[in-house]
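The block underneath contains the structure these notes are about, expressed in structure tokens.
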Amino acid sequence: AQYDLGLMYSQGEGVLKDINKAVDWLLKASDQGNAEAHFELGLIMIEEYLHTRSKSDLVRAAFFIEKAYDNGVEKAGEVWDRFELWKYTY
């Protein structure tokens, strides 16, 4: 339910789009081990990077995308490669 609510806020489905609320709900789902929430958080961080060009956004994206992939989200591997996120891991 937390993941679903996070998606609703991130996409503006049934609620006003609110990225901050989306992140809050997705983090709750992520903390409970929801791999799809890890993936969505990674995508949000990449989108933030595209707006801010802040390297810290890509560091956070790499963390969540890697976590998603390690937990079975295959499409995370494509995002990992496309944005060369391995460059932002420590």
Exercise for the section: State the number of residues belonging to the stretch 46-78 that are open to solvent by 20 Å² or more (accessible area, probe 1.4 Å), under 11 Å from the mean Cα position of the chain (by Cα) and farther than 14 Å from residue 30 by Cβ. Expected result: 2
Fill in the blank from the handout: Among residues of the stretch 8-45 being touching a Leu at 6+ places or on another chain (Cβ under 6 Å) and aliphatic (A, V, I, L, M), the residue surrounded by the most Cβ atoms within 10 Å (Cβ to Cβ) is 26
Completion exercise
For the stretch 73-90, pairs from a residue that is of a type in the set (S, T, N, Q) to a residue that is part of a helix (DSSP H, G or I), with Cβ under 9 Å and 6 or more apart or across chains, are 89/59; 89/62; 89/63; 89/66
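Listed here are the residues, each with its yes/no results for (1) touching a Lys or Arg at 6+ places or on another chain (Cβ under 8 Å); (2) free of Cβ contacts under 8 Å to residues at least 24 places away in the same chain; (3) part of a loop (DSSP other than H, G, I, E, B).
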position	(1), (2), (3)
7	no, no, no
16	no, yes, yes
21	no, yes, no
40	no, no, no
50	no, yes, no
68	no, no, no
Exercise for the section: Among the residues of the stretch 1-38, write down those that are of a type outside the set (A, V, I, L, M, F, W, C) and within 10 Å of the chain's Cα centre (by Cα). Expected result: 30, 36, 38
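The values are calculated or read from the model by the stated rules, or taken from the named source; none is laboratory data. Everything numeric in this text was worked out from a predicted model, so none of it was measured. For neighbour counting, all protein chains shown are included, and Cβ atoms are generated from backbone atoms with ideal geometry for every residue, glycine included. For accessibility, only protein heavy atoms count, side chains too; no ligands or nucleic acids. Shrake-Rupley method; radii C 1.70, N 1.55, O 1.52, S 1.80 Å.
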